[in-house]
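Shown next, in structure tokens, is the structure this report addresses.
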Amino acid sequence: MWNLPPNDTVLHLLSYVALTAQAMTAALAAGRRSMDWAGVCMLGCITALGGGTIRDVLLGHYPLVWVQNPSYLALTAVAAFATILIARIVHRLNLAFLVLDAIGLVVFTMAGCDVAWQVNASLPIVIVAGMITGCAGGVLRDILCNDVPLLFRSELYASVSVVTGLFYATAFGFKLNDELWTALTFAFGLTLRLLAIRYKWEMPKFIFEDKR
Amino acid sequence: MWNLPPNDTVLHLLSYVALTAQAMTAALAAGRRSMDWAGVCMLGCITALGGGTIRDVLLGHYPLVWVQNPSYLALTAVAAFATILIARIVHRLNLAFLVLDAIGLVVFTMAGCDVAWQVNASLPIVIVAGMITGCAGGVLRDILCNDVPLLFRSELYASVSVVTGLFYATAFGFKLNDELWTALTFAFGLTLRLLAIRYKWEMPKFIFEDKR
Amino acid sequence: MWNLPPNDTVLHLLSYVALTAQAMTAALAAGRRSMDWAGVCMLGCITALGGGTIRDVLLGHYPLVWVQNPSYLALTAVAAFATILIARIVHRLNLAFLVLDAIGLVVFTMAGCDVAWQVNASLPIVIVAGMITGCAGGVLRDILCNDVPLLFRSELYASVSVVTGLFYATAFGFKLNDELWTALTFAFGLTLRLLAIRYKWEMPKFIFEDKR
């Protein structure tokens, strides 16, 4: 999921927080399906690390982050497991987790763009790689929980990722990819997502019935 | 999805048409699930490009077609989006879309065989690669729409792809892979699929109940 | 799925038996969903070979086993197809198939560890690769049958795979990876799984309701 240079300590830290948060909300989803403890841990790992994994497989960017650094697996599995013990608290902190998830969306999107940029992908692919990194984990979670992915139906999420990626990629184009721009992108993407949650901004839905 | 030499202009053109058609029918499926606009575009891209993507990932054939040539993403996303505006028309042209989908099945199967052939896969893998290219996109669509894949239950589809691939691969064996044989395969596969639709040819079903 | 040195003939033979058994139980699952004959064969192949395929894609370990050796595809497709003819018998031999499936779980886990070991993965990844090889095929089957994966909810399965992998990997650590240890691991893992089935050992479930 994560690939910023080590000096980006703030973002690096945020990405750990976001991985933890995504694993924990995935654990709640697992609990709604009465999965067992092993299932909870697996769903946590898959949700938190799945987006970056799909990105790397599609780009042929090996080794995968968690293969190279298995501590990510440990972190997300432990976070998911801990959620079993503190489910009520996690549920009550719903709002905090929405914010943490928003942080994850933005941070993972930026990390995805970075990776695609490193492998010399073209601009559209940089954006798509960011979106996949930010969003695909949740899609895997919903598939494994046997739901139609929320991503395709709920408030602005993928779109926030795309816009954040576009904003971030501008810096690549103008060669301004320094700490300032990274911070700006982070603030921009996070604000966008939080506003979307607060005011329930939604894409229009396409509702189609077979009956005439 | 596509990899024929540039002089195969007719097939090349047909593949664009087929990608568009597959993205549009996927968009209708998205509409039946009330997905939002972003979801519609994503489902269109995944359905139209997913088969070739899975093939390339399984064969380790990088970079993926749409990574190298992002215009495929744009084409399928735009086609899916346009479907929102003209859903009634698309639905009424049901028959035309069945034909376009059949063209896609055959063209993608042939393209898949070509790619596997290029990476020196054995004959069975050439056939399987053709089938995956032709069919797997629809399976992804059905998984994301939370259905049991239609592919596994409806009229001859995967089988048409396999037979088309076998027919096409004969040419590789006999070193006759020229324009004539390509055209013959196309006509053969398309006829087979259209006959299967027209006369509702189906594989026998395997119906198994646990009760005795 | 399989990669032990050719002299491990017993394990090699067992892996063929296990592939066959997994394809046959997948075929019954396909029959419960009224899939057609082609769907039955495909589901058999995907279930039996899917775990090793996902492992290899995640590790970037190409070519895939069944691409290099398409006889695996033939074996599993034929096994699935044969199940259509002898569904009643297969169903009545439920117990035998549980044992065969347990053999598969252990043998595939060990094969997965071997592959990860060969590509110099770290210990945690060796364990995870074993678990993916042993378990992921069944997850794919359940996704394609539109179920919440059984793996996440039923008796010890993934956990048996993890413990078996840990036991097996000990040998790598102590450089004792000879025939004896392989046999010991096999006996240990199989016993564990059979005891789990016999005494219905289950992980505790995490049941979470949104209502307070």
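The values are calculated or read from the model by the stated rules, or taken from the named source; none is laboratory data. Note that the structure is a prediction, hence the values are computed from the model and not measured. So basically every Cβ, Gly included, is an ideal-geometry build from the backbone, and we count neighbours across all protein chains shown. Surface accessibility is based on the protein's heavy atoms, side chains included, excluding ligands, DNA and RNA. Shrake-Rupley method; radii C 1.70, N 1.55, O 1.52, S 1.80 Å.
Structure above, values below:
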| read-out | value |
| --- | --- |
| Any hit, region C:25-46, residues being of a type in the set (Val, Ile, Thr) and either farther than 22 Å from C:ALA96 by Cβ or modelled with pLDDT of 95 or more (or both) | yes |
| Qualifying position, being free of Cβ contacts under 8 Å to residues at least 40 places away in the same chain and either crowded, with 24+ Cβ neighbours inside 10 Å or assigned to a helix (DSSP H, G or I) (or both), among C:ALA129, C:ALA171 | C:ALA171 |
| Sole residue being in contact (Cβ under 8 Å) with a residue 60 or more places away in the chain and surrounded by fewer than 20 Cβ atoms within 10 Å (Cβ to Cβ), chosen from C:GLU209, C:GLU179 | C:GLU179 |
| Tally, over region C:61-108, of residues that are open to solvent by 10 Å² or more (accessible area, probe 1.4 Å), among the aromatic types (Phe, Trp, Tyr) and more than 24 Å from B:GLY130 (Cα to Cα) | 1 |
| Lone unmet requirement of (1) touching a helix residue (DSSP H, G or I) at 6+ places or on another chain (Cβ under 8 Å); (2) in contact (Cβ under 8 Å) with a residue 60 or more places away in the chain; (3) closer than 25 Å to B:GLY189 by Cα for B:ALA30 | (3) |
| Tally, over region B:67-109, of residues that are within 25 Å of B:ARG193 (Cβ to Cβ) and within 9 Å of another protein chain (Cβ to nearest Cβ) | 4 |
| Residues of region A:128-155 satisfying the condition of being facing chain B (nearest Cβ under 8 Å) and aliphatic (A, V, I, L, M) | A:VAL128, A:VAL139, A:ILE143, A:VAL148, A:LEU151 |
| Some residue of region C:48-55 being at the interface with chain B (Cβ under 9 Å from one of its Cβ atoms), surrounded by fewer than 21 Cβ atoms within 10 Å (Cβ to Cβ) and either among the aliphatic types (A, V, I, L, M) or within 15 Å of the chain's Cα centre (by Cα) (or both) | no |
| Unique match (being more than 30 Å from A:ASP142 (Cα to Cα) and among the acidic types (Asp, Glu)) among C:GLU179, C:GLU155 | C:GLU179 |
| Residue under evaluation B:VAL148, criteria (1) open to solvent by less than 50 Å² (accessible area, probe 1.4 Å); (2) part of a helix (DSSP H, G or I), criterion not met | (2) |
| B:TYR62, sole failed condition from (1) away from chain C (no Cβ under 13 Å); (2) over 27 Å from C:GLY39 (Cα atoms); (3) not aliphatic (A, V, I, L, M) | (1) |
| Every residue from region B:166-212 that is at pLDDT 90 or above and small (Gly, Ala, Ser) | B:ALA187, B:GLY189 |
